[in-house]
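Working notes, beginning with the structure itself.
No value in this document is a laboratory result; all are computed from the given coordinates. Everything numeric in this text was worked out from a predicted model, so none of it was measured. When we count neighbours, we look across all protein chains shown, and the Cβ atoms used for this are built from the backbone with ideal geometry, even at glycine.
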């Protein structure tokens, strides 16, 4: 069973396309199929938490983008999340920071 036939293969009337098992899983995920495939494989390999952070970051506008007039200030604030080895690890660092901030804010009593 092929997900899609080669483009030059003649087709007969009534030929239908059928999703592969992975295609059916991807169809259930609300992300780009390439990112969804990362999620599926990560779930199999025990790295879902880490990959979800990366997929989340790749699914939205880059949070490091900033207005021209505030570049220096934004660069200074984002520097704390930087990783010499990987931009993706910078996303992971930012994710951990946001989670810690949310946890801290949820502990504060409501006035």
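Counting only helices (runs of 4 or more DSSP H) that sit completely within segment 10-94, zero hold 3 or more residues that are surrounded by fewer than 10 Cβ atoms within 10 Å (Cβ to Cβ).
Residue pairs whose Cβ atoms lie under 6 Å apart, separated by 6 or more positions or on different chains, with the first residue in segment 79-99 and over 18 Å from residue 66 (Cα atoms) and the second part of a loop (DSSP other than H, G, I, E, B), are 89/83.
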